[in-house]
1. Rg (Å, one decimal) plus Dmax (Å, integer) for the alpha carbons of the chain?
2. If every alpha-carbon in the stretch 74-227 counts as one equal scatterer, what log10 I(q)/I(0) does Debye give at q = 0.09, 0.17, 0.18 1/Å?
3. For Thr362 and Ala329 in the same chain, what is the full-extension length gain: residue separation times 0.36 nm, less their Cα-Cα distance, in nm?
4. Place a label point 7 angstrom from the Cα of Thr430 along the Cα-to-Cβ direction, then list the residues of the stretch 153-167 whose backbone nitrogen is under 13 Å away.
5. What is the packing order of peptides 69-81, 298-310, 387-399, taking the mean over residues of other C-beta atoms within 10 Å and listing the highest first?
6. Compute the whole-percent fraction of alpha carbon pairs in the stretch 181-276 spaced more than 19 Å apart.
7. Rounded to the nearest whole Å², what accessible area per residue is found for the stretch 1-127 with the 1.4 Å probe?
8. Using the per-residue mean of other Cβ atoms lying within 10 Å as a proxy for protection, in what order, highest first, do the peptides 106-119, 258-271 fall?
Amino acid sequence: MSEIARLTALELRDAMRGGKLGAREAAGHFLARIEELNPSLGSFITITAEQAMATATRADERHAAGDRLGMLHGMPLAYKDLLDVAGVPTGYGTAAFEPVVAAKDSPLVATLSRAGAISLGKTQVPEFGLSCHSENDVAPPARNPLNPALSAGGSSGGEAAAVASGMLPFGPGNDGGGSVRIPASACGLIGLKPGLGTIPSDVLDGTLDGFGAPRLTVSGPLARTALDAALLMDAMIDPTRETYLDALRDGAVDALRGLRIGVSTDSPFASAYEIKLAADAHAALNRGIKGLGARGHHIEEAEIFYDAAYPETFSTVWTSGLAAAPIPAGNEAKLGTLARSFRERATIRDPKTSAKAARRLTEIAADFRTQWGHYDVVLTPAMAFAPPEIGFYTSQDADTDYMRQCQYTPFTSMVNVSGLPAITVPTFTTAGGLSMGVQLIGRAGSEIQLLALAGQLSEM
């Protein structure tokens, strides 16, 4: 096994900054892993090897010249095919229009590039990032490294599969309804959804969507360790300051004690769908409870009551933006089943209905924050059951597809609505070798605390 393969992302970064490894050596290692594993896992849809090696060469030259090095000097990573990387096609996972070569980087990509990161390519997503899997009609599906017959989750599934299989040291995702936490849980990684506004590039257009609803999507790291996630979070926020990483290195994990943690298996989707937790989900939750209790936290059952209007209200807000999707004339039929159906509904929907749903969701968000605020942290299962097989969702009609997604991920979208941070952490391995875990929902500004709790659970 290569020495690089044994390193955490933080160890790799430190080795490159310290001159023990070169950026070209690191990029070459991960590109070789991609060449070996991507055909069977479908993580990447575009591999930019030549561009990456050229960038790595310049990084090594800066190191040799004694130039000031960025926080992520030489670190290989990749971006979901929802973000623009200059000179690389962006396809949004759809066959409804041709991928367009980006003229400039998306804001998050620009931030991480300034930090010294080197992009190796673009990773697989569901169409327009809508779903909790990473399957579409334009490229092979992203498969779970723990069992390639199963889903890697979504919408950051290609990214998660790449990190979990060693094709990347860590990866930036974005999360609008669970899209970091879902694939992290499926593939056995830590996945952090920061609070809205924590990462500046997420709110350049404000904190509300076009109808006045809370902006749902934020960026967040997928990583194998809490320290790796902290490093990537720091780079996403401000590449000049290692705030999160310093806190964890300075003893935040061991020092954290005495939190009031409310445990809940209730879901706001239960008013519309049957939400049934598998035995493995209960086992993962119980392992999380035991681990946190052993760390001196106070665990109690949380009494939470969810508004029955949530499922319909969330669905309306979630899909309203599809009406404005720039689909070329005559290409509607090229949309996948879910996107086509949801776009049709959004197109004929009265804008007043969407605005009303936005106002209602804002009220529901406030209620979430109030109820969860009775506790320092709310603990839920990460997912309701183990990752399903490829095609579990896409072989169905749109409504069955969406129902199954809600049943698999009954605890994630509510956190996006609230604007609060949350993290998923693996706590249990099933008899079949799959990963199951827990979700921790924190108060506003508690991302470091959540990473510390992830560190505690990882040490079980």
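The values are calculated or read from the model by the stated rules, or taken from the named source; none is laboratory data. No experiment lies behind these values; they were computed from the predicted model shown. Heads up, the Cβs are rebuilt from the backbone with ideal geometry, glycines too, and the neighbour counts pull from every protein chain shown. Note: accessible area is taken over every heavy atom of the protein model, side chains too, but ligands, DNA and RNA are not part of it. Shrake-Rupley method; radii C 1.70, N 1.55, O 1.52, S 1.80 Å.
1. For the chain, the Cα-based Rg and Dmax read 20.8, 62 Å.
2. Listed by q, the Debye log ratios stand at -0.25, -0.95, -1.08.
3. Separation in residues times 0.36 nm, less the Cα-Cα distance, equals 8.4 nm.
4. Once the point is set 7 Å along Cα→Cβ of Thr430, 153 turn out to lie under 13 Å by backbone N, inside the stretch 153-167.
5. On the way: 69-81: 25.8, 298-310: 14.8, 387-399: 16.7.
Going from most to least packed, we get 69-81, 387-399, 298-310.
6. On the way: 2758 of 4560 pairs.
The proportion of pairs with Cα distances above 19 Å equals 60 percent.
7. Values: 5470 Å² over 127 residues.
Each residue of the stretch 1-127 exposes 43 Å² on average to a 1.4 Å probe.
8. Details: 106-119: 21.5, 258-271: 18.9.
Listed from highest to lowest mean packing, they are 106-119, 258-271.
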